[in-house]
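The values are calculated or read from the model by the stated rules, or taken from the named source; none is laboratory data. Treat the numbers as computed from the prediction; the structure is a model and nothing was measured. The area values use the complete protein model at the heavy-atom level, side chains included, leaving out ligands, DNA and RNA. Shrake-Rupley method; radii C 1.70, N 1.55, O 1.52, S 1.80 Å.
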Amino acid sequence: MTSDKVKIAPSILSADFSKLGKEIYDLDKAGCDYIHIDVMDGHFVPNITIGANVVKSIRKFSEKIFDVHLMIDPVKKYIPDFVNAGADIITIHHEINEDTLDSILLVKKLKKKAGISIKPGTPANIVEKYINHVDLILVMTVEPGFGGQKFMIEQLEKIKLIKKMIGNRKIDIEVDGGIDLNTAKSSIEAGANILVSGSTIFKCQSYKNIIKKLRNV
Ligand code: DX5
Ligand code: ZN
């Protein structure tokens, strides 16, 4: 899964939900790599988005990798639903009350890629506990919950530390929150290889142009 090529994962949080299927189809045709799907429960984060039934209904609009970012607590009991809905990668937060590793192992048992996500206040060394079980580490560069926030520049150090910790393991580093052309460049330089982007992509007329620009910063 890891490659030197930078992958672009548009976050549908900023999409027009009245035509979500078409938005996903358009992103696919515009050349994105993943479709990043933010699932929020109004409890782990102060916002509510969508559940597995919506993921299932949009699955038919693209064959790209569905990168599902679960910002929910509890999480374990919902994992089979997201697997059945068509998720390819399931990322879970370290900061939930449940045992995160337990849920990660369930994702792996169900033959999907598993990710660990950490919020801005969580130190890099927490990742050590998960590093031999995950395919992806998602570093939040804003407080999770909403699109359109400002990139927290101090998180770049954390990306660098995690990159070192990974060594030659095949683990992707995904960065999520406040990505624009400038922060995309610094994130890649720090070691990230998957960029999530919501507002920067959706405010552009041409998804194709902005995806290309973000990939080649
Ligand atoms: C925030 C979400 C992000 C969000 C990113 O909790 O995890 O994926 O949609 O949006 P932008 O790119 O606008 O910061
Ligand atoms: Zn996200």
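Can you say what percent of the DSSP beta bridges in the chain, counting only those with both residues inside, are antiparallel? Round to 5. Don't skip to the end; give the middle numbers.
Working: 1 of 34 bridges.
DSSP beta bridges in the chain are roughly 5 percent antiparallel.
Taking Cα pairs under 8 Å and at least six residues apart, what relative contact order does the chain come out at, in percent? Intermediate values should be presented prior to the final figure.
Values: 437 pairs, mean separation 47.2, N = 217.
Relative contact order for the chain comes out at 22 percent.
Roughly how many Å is it from the Cα centre of the stretch 21-87 to that of the stretch 177-200, as a whole number?
Here the two parts' Cα centres lie 20 Å apart.
Let me know the shape class of the chain, please: from the alpha-carbon gyration tensor, a ≥ b ≥ c as square roots of the eigenvalues, rounded when a/c is under 1.5, otherwise prolate if a/b is greater than b/c, or oblate. Intermediate values should be presented prior to the final figure.
Values: a/c = 1.43, a/b = 1.06, b/c = 1.35.
The shape class here is rounded.
Could you sort Tyr130, Tyr78, Tyr207 by their accessible area in this structure, using a 1.4 Å probe and putting the largest first? Write down the numbers at each step before the final one.
Details: Tyr130 5, Tyr78 90, Tyr207 40 Å².
From most accessible down to least: Tyr78, Tyr207, Tyr130.
Using a Cα distance threshold of under 25 Å, what count of lysine pairs results for the stretch 158-205 when pairs must be 8 or more residues apart or interchain? Intermediate values should be presented prior to the final figure.
On the way: Lys158/Lys170; Lys158/Lys185; Lys160/Lys170; Lys160/Lys185; Lys163/Lys185; Lys164/Lys185; Lys170/Lys185; Lys185/Lys203.
For the stretch 158-205, qualifying lysine pairs total 8.
So, for the chain, what is the accessible surface per residue at a probe of 1.4 Å, expressed in square angstrom? Intermediate results must be reported in sequence, preceding the final value.
Details: 9850 Å² over 217 residues.
Averaged over the residues of the chain, the accessible area is 45 Å².
To two decimal places, what compactness ratio does the stretch 59-176 give when its Cα radius of gyration is scaled by 2.2 N^0.38 Å? The partial results should precede the final answer.
On the way: Rg = 13.9 Å, N = 118, 2.2 N^0.38 = 13.5 Å.
Expressed relative to 2.2 N^0.38 Å, the Cα Rg reads 1.03.
Reachable lysines from Lys76, Cα under 20 Å, same-chain residues fewer than 8 places away excluded?
Those lysines meeting the cut-off are Lys56, Lys108, Lys109, Lys111, Lys112, Lys113, Lys119, Lys129.
Multiply the residue separation of Glu189 and Lys212 by 0.36 nm, subtract the distance between their alpha-carbon atoms, and state the gained length in nm to one decimal.
Values: separation 23, 0.36 × 23 = 8.28 nm, distance 1.74 nm.
Value of the extension gain: 6.5 nm.
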